[in-house]
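Asks: Before I ask anything, here is the structure I am working with.
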Amino acid sequence: MIEAKPQTNVMTGADIVLSSLEREGVEVIFGYPGGANLPIYQRLPEHPALRHVLVRHEQGAAHMADGYARATGKPGVVFATSGPGALNLVTGLATAFMDSVPMVAITGQVNTSVVGRDAFQESDVIGCTLPVTKHNYLVTRVEDLAPCIRKAFHLATTGRPGPVLVDVCKDVQQASGIFDYPDELTMPGYRPALEADLSAIGLVAGKLAEAERPVILVGHGVLLSGAEAELLELAEKTGIPVGTTLLGIGAFPTEHPLSLHMTGFMGTGWCLRAVQNADLLMMVGMRVDDRVTAKLDEWAPRAETFIHVDIDHSEMGKNVRPHIEVVADAKRALQALLPLAEPGPASRRTWLTQIEAWREEHPLRYRRSNGHLQPQDVLLEMYRRCRSEAIVVADVGQNQIWAALWWRYRRPGLFINSGGAGTMGFALPAALGAKVGRPDKAVWCVAGEGGFVMTAQEMSVAIEQNLDVKVVLLNNFSLGMVRQFQDDFYGGVRSHVDLRVMPDFMKLAEAYGWHSARVARAEDIGAAFDAAERTPGPFLIDFQIDPEANVYPIVPLGKGLDHFQEEPYDI
Amino acid sequence: MTSNRVRVLSLVVEDDPGVLERVASQIRRRGINIQSLTVGPVGGGRSRMTVTVDAGHAEVDQVAKQVDKLIEVIEVHDITDDPIVSRELVVARVDVPEHARETFLSRLSSFGGRVVDALNGSLVVEVSAAPDQVEGFLSLLRPYGLSELARSGPVAMRKSAYGSSHK
């Protein structure tokens, strides 16, 4: 018997792109039209299931898609045109790539007949994005379009997630082809599921059970795989304290007695003491990069056992050679480990008591007595209003580390920031993307004035899309982190860090149609937050903070974690 | 030329445009110098690459893992320490005077080489040899001018087959 062939579906390449996105369940696209993607934009109104957010600069589109992806766990989707449009995505792609964020960017390219001939608005987008994407495709034949988009989503969302770019020639968008979205994919070089190796889990459980001074460190992988509950259960079952990387913040409740909070060269004193004295370190879903280890030779000198759990085989031994490797998604690894986990030896109590003593000896602290508004006062109030619920998106610099260190959640939460790439200007668009994806959640955006003006044009998107995002601007009239580094590590030469000539942020807010407030005194913090929370729609608070406020603890550049410096006491 | 820092990687890749650039870029990123790279289709939409790099074992182990991570790379093996068959093709132009020709040709054939073109005393010769014999072959040629030289770089294969790659 001959089965009836399904009716062939002839359509243009542009419709194939859009129909493929529908098949992938895409709900929103962050994009910008231009010459080489106009065929797609011409057909976009015929696909009403696809909401399009018009950005004001393509970098904003990439960061919005990034924030959307981190807030929802779904891949963020970006459109841009050829040449400058696509090149403007590069920083955003690199940001997502460094932090393993699933994203699919679809860029227009010039006609196949002129590719490589320096046509108008042509650039080698495949070459330019090759090192900052998980993979990329140039599509020059309409029949390759649907398979490439299918592969792009598969690659972006499986294994270690990351951004994938599909560069589609304009004539391919205009050509007609048969839309046949493939179920099966042939990718002989990509088999992430086969890479998983849980064979060492029994060994891991044994080592955890006998360790006297164990520490678990966790990174973004725990959040990406949704392993927060397993992590909490493991910590409680074994009594092992947990520290997080900057990107791992939110994976473990900081209000938990086993929390070491943040590790790394700006981590908490008690966490660094614990890492430096641990006899066993289990690292889960993290790259163990230089910001985590500081001077590598001096990192965790007393550790006899390093266990590394990561989905990416190439992370094993890249920076720290582990004794035990578990190549697996954090959730799968922790699920396999849980039934085998047991409380450790009695000496574990002494270890926890010791950590308690370090916590009292090295608490987070800050100056309050110099008459200036302190960023920590602002953030403590913000976090009180977050009620362990809100999504917090931070930019890069002092604001980021302050927001990370003063994060205090009773349960897992979402702290979104550009940890790997350290991209200034990330926060506002990422916060807007997060709000698009999670309209049910309050979204707070913490930024310095330096980073904020790098992408401030996206404020229009908040108005146009009715996105209720609250910006906490920590305005210290300088590039604070750079200024701090110059003061402490570069001979005290303050070179080009002064940002006193900046827009009046209340007028800027008004120009974009936002509401705003300005706070220069600690006693006005509460009223400004009240106004922000009371006012529907986007709101900016210009907190004019102590221009000399610094980030502490900090490990001097080139030194080991033992050398962390703390805020001098003045209270 | 061969030092114990030189490692040989054998790759099977999908035969797509740009895959060479991806592999080369991944190695370049780690600051490792590629000494030679050969690539050729092996059927079934796949190509084999033999990459000789100037780097230590640990560095190459890491690079091999990162290369293996590339989507279009199907297999990667560091075959430096394995029993391998490795051959390099050398094509060279030499000027051999009439009186020296007989001696030259007999030494050429002792290397398994042959003359592929001859014009007015200028000979184009070729040899396919294991990389450690190439230097000996070149020293035979040098007295005759060696006015042009082209080397393929080694292509290599393990003597016994692999089950599958570690990916």
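Throughout, read-outs are computed from the coordinates displayed, never taken from laboratory work. Not measured: the values here are computed from a predicted model. Using ideal geometry, Cβ is built from the backbone for each residue, glycine included, and neighbour counts are taken over all protein chains shown.
Asks: Note down, for segment B:1-143, the three equivalent ellipsoid semi-axes (square root of 5 times each alpha carbon gyration tensor eigenvalue), biggest first, whole angstrom.
Replies: 36, 17, 12
Asks: Let me check I have the definition right: for segment A:129-252, take the eigenvalues of the Cα gyration tensor, multiply each by 5, take square roots. What are those semi-axes in whole Å, largest first?
Replies: Those come to 42, 16, 11 Å.
Asks: Would you calculate a helix-derived [θ] at 222 nm for chain B, using -39,500 (n - 2.57) for each DSSP H run of n ≥ 4 and dividing by the full residue count, to the nearest 500?
Replies: Estimated from H runs of four or more residues: -8000 deg cm²/dmol.
Asks: If packing is taken as the average number of other Cβ atoms within 10 Å across a peptide's residues, how do A:25-33, A:336-344, A:388-396, A:64-72 rank, most packed first?
Replies: For the peptides A:25-33, A:336-344, A:388-396, A:64-72, the packing ranking is A:64-72, A:388-396, A:25-33, A:336-344.
Asks: Run down the lysines and flag those whose C-alpha is under 23 Å from the C-alpha of residue A:170, throwing out any fewer than 8 positions away in its chain.
Replies: Residue A:170 reaches A:151.
Asks: Which whole number of Å³ per residue matches the convex hull of the alpha-carbon atoms in segment A:196-361?
Replies: About 93 Å³ per residue, rounded to a whole number.
Asks: Just to confirm a number: summing +1 for Lys and Arg and -1 for Asp and Glu over residues other than residue A:360 whose beta-carbon lies under 15 angstrom from that of residue A:360, what do you get?
Replies: Residues close to residue A:360 contribute a combined charge of 0.
Asks: As an exercise, identify the chymotrypsin sites (Phe, Trp or Tyr not before Pro) in segment A:340-449 lying in DSSP coil whose Cβ has no more than 13 other Cβ atoms within 10 Å.
Replies: Those that pass, being in a loop and sparsely packed, number zero.
Asks: Looking at the protein assembly as shown, send over the antiparallel percent of its DSSP beta bridges, to the nearest 5. Could the numbers behind the result be given before it?
Replies: Values: 50 of 116 bridges.
About 45 percent, rounded to the nearest 5.
Asks: I'm checking a number: the convex hull volume of the Cα atoms of the protein assembly as shown, normalised per residue, in Å³. What is it? Write down the numbers at each step before the final one.
Replies: Numbers: hull volume 157.8 nm³, N = 738.
Once divided by residue count, the hull of the protein assembly as shown is 214 Å³.
Asks: In addition: Please report, to one decimal in angstroms, the Kirkwood hydrodynamic radius of segment A:273-413 built from all distinct Cα-Cα pairs.
Replies: So the Kirkwood estimate lands at 18.2 Å.
Asks: Hey, how many Å between the Cα centroid of segment B:1-69 and the Cα centroid of segment A:419-459?
Replies: Computed from Cα coordinates, the inter-centre distance equals 40 Å.
Asks: Which pairs break 31 Å Cα to Cα here: A:435/A:507; A:134/A:507; B:65/B:159; A:470/A:559; A:295/A:435; A:331/B:69?
Replies: Violating the 31 Å limit, Cα to Cα: A:134/A:507; A:470/A:559; A:295/A:435.
Asks: Are there trypsin sites (Lys or Arg not before Pro) in segment A:321-389 that DSSP marks as loop and that have at most 13 other Cβ atoms within 10 Å, and which are they?
Replies: Sites meeting the loop and neighbour criteria: A:387.
Asks: Once R0 is set to 45 Å, what does the formula 1/(1 + (r/R0)^6) return for the Cβ-Cβ distance between residue B:20 and residue A:298, expressed as a FRET efficiency to the nearest 0.05?
Replies: 0.65
Asks: Work out Dmax and Rg for segment B:85-155 from the C-alpha atoms and quote the Rg first, both in angstrom.
Replies: Just the Cα atoms of segment B:85-155 yield Rg and Dmax of 11.4, 37 Å.
Asks: Rounded to a whole number, what is D in µm²/s for segment B:6-82 from Stokes-Einstein with the Kirkwood radius over alpha-carbon pairs (10 °C, 1.306 mPa s)?
Replies: This corresponds to a translational diffusion coefficient of 130 µm²/s.
Asks: Also: Once the principal axes of the Cα atoms of segment A:37-169 are found, what is the range along each, listed largest first in whole angstroms?
Replies: 39, 34, 30
Asks: Something else about it: Among the GluC sites (Glu not before Pro) in segment A:509-563, which ones are in a DSSP loop with at most 15 other Cβ atoms within 10 Å of the Cβ? Mind listing them? Kindly include the intermediate steps, with their values, before the conclusion.
Replies: Numbers: sites: A:510, A:523, A:533, A:548; in loops: A:548.
When the GluC sites (Glu not before Pro) of segment A:509-563 are filtered for loop state and at most 15 Cβ neighbours within 10 Å, A:548 remain.
Asks: Still on this structure: Out of every Cα pair in segment A:354-483, what percent are spaced more than 27 Å from each other? Spell out each step's value before the answer.
Replies: Working: 1716 of 8385 pairs.
For segment A:354-483, the fraction of Cα-Cα distances above 27 Å is 20 percent.
Asks: Next question. Helix-only mean residue ellipticity at 222 nm, chain A, DSSP H runs n ≥ 4 weighted -39,500 (n - 2.57), per residue, nearest 500. What is it? Numbers along the way, then the final one.
Replies: Values: 24 runs with 205 residues, N = 571.
Mean residue ellipticity, 222 nm, calculated: -10000 deg cm²/dmol.
Asks: Quick one: Cα convex hull volume of segment A:469-571, Å³ per residue? Don't skip to the answer; put the middle values down first.
Replies: Numbers: hull volume 14.4 nm³, N = 103.
In segment A:469-571, the Cα convex hull volume per residue is 140 Å³.
Asks: Mind checking A:310-317 for the average number of partner chain beta-carbons within 10 Å of each residue's beta-carbon?
Replies: Taking the mean over all residues of the peptide, I get 4.
Asks: If you project the alpha carbons of segment A:412-472 onto the principal axes, what extent comes out on each, in Å, largest first?
Replies: Extents along the principal axes, in whole Å: 31, 27, 17.
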